[in-house]
């Protein structure tokens, strides 16, 4: 019995030895490559970096919106702007995002901001449920059509993505100082705000949207502070494959601000635009042509979207073109005039501005 057991053990050893002595299927080099691939996968899964590099030049009445000098000289402004977004995924779709936006002035050779590399936004966002998302931190508030809010705020925003009427509710502090960059001292600094906005589909390609915003303790020219309310309503539509457009109106209850001619500063604003085609970043040779009309009072919003639209009435035409993937060039011309005068004589100044720019998306 002992001899049989010894023989069996010896045979097992003879068969097992080659298997133990054979090299592993994965060599050290392959293992190292696999670790590198795993690291790359982890980084690409967790970290993101994207944004836009922009070169822009504006000319003619670029300083006329709120000028204190009658008939200011034509002035060309040009800069290189980097809008970089950094993201870190924490858990599922919960992500930390940060926006850096340095801007180099080509005319002065200096940075345009107080800080060379300003951090405009820093927030965390993610899903609470399938139809509810939360954003907390310093983020960009944008009202239904950008007539009341296009500005950073610090606080929390809750989004309800229901199929009937998607809605957002925000409770935050306003980082903007002078409302719509006005020169009359109307504004806030880190004051409380509540923003409620929603959009309702009237048809397959047509929506109506609205925003109501409350801002606490708004400073007035006489030194007093009063709460302010803003309202915005608009409609957007798409006509067939190529045509789209929108119209929006906003208004506030700020009625105690007067211009250099003694007239009340307009508290309402309207903006309408129509566009043909669409310049798609990914579609080479795609383009669009647009035209808009604006009549935007300085007290109609906290920070209204679209450059040269604050305290300006006028007509703008422009176009964009994509010659290569992720490269877009564009130009516009605005023929406008001040709504409220800002020079001592009370004379309203022309606001005629041209722009050319090139943008690269990465």
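The values are calculated or read from the model by the stated rules, or taken from the named source; none is laboratory data. Quick caveat, the model's predicted, so the values are computed rather than measured. No Cβ is skipped: glycine too gets one built from the backbone with ideal geometry, and neighbour counts run over all protein chains shown.
Name, by its number, the condition in (1) buried (at least 16 other Cβ atoms within 10 Å of the Cβ); (2) in contact with a strand residue (DSSP E or B) (Cβ under 6 Å, 6 or more places away or on another chain) that does not hold for residue 82.
(1)
Does residue 61 fit the bill of being under 30 Å from residue 261 (Cβ atoms), modelled with pLDDT of 95 or more and over 16 Å from the mean Cα position of the chain (by Cα)?
Taking the combined requirement at face value, the residue satisfies it.
Among residues belonging to segment 146-174 that are outside any strand (DSSP E or B) and over 20 Å from residue 226 (Cβ atoms), point out the one that is nearest to the chain's Cα centre (by Cα).
Only one residue tops the list, namely 146.
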